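Notes for the one structure printed next.
The values are calculated or read from the model by the stated rules, or taken from the named source; none is laboratory data. Just so it is clear, the structure is predicted and the values come from calculations on it, not from any experiment. Here the Cβ positions follow ideal geometry from the backbone for every residue, glycine too, while neighbour counts run over all protein chains shown. Keep in mind that these areas ignore ligands, DNA and RNA; they rest on the heavy atoms of the full protein, side chains included. Shrake-Rupley method; radii C 1.70, N 1.55, O 1.52, S 1.80 Å.
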Amino acid sequence: MSWLAVLLTVIFVVAKLLGIIAWSWWLVFTPAIIYGVIVLVILIITFIAAFKD
């Protein structure tokens, strides 16, 4: 899954820098942000499950 987020982010950054798309930088980095949030949620759930009584 991470390769997809990285690939999409690279494609969007290149397209933004070349002027192909006029999106805000938030939209350009959305795939990386979504992947980071998913990883963070999984880590939090794992942490809670590991220390549950």
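Among the residues of region 10-33, those that are assigned to a helix (DSSP H, G or I) and open to solvent by less than 90 Å² (accessible area, probe 1.4 Å) comprise V10, I11, F12, V13, V14, A15, K16, V28, T30, P31, A32, I33.
Can you tell me which residue is nearest to A5 (Cα to Cα) among those in region 34-53 that are surrounded by 11 or more Cβ atoms within 10 Å (Cβ to Cβ) and either acidic (D, E) or in contact with a helix residue (DSSP H, G or I) (Cβ under 8 Å, 6 or more places away or on another chain) (or both)? In this case the residue turns out to be Y35.
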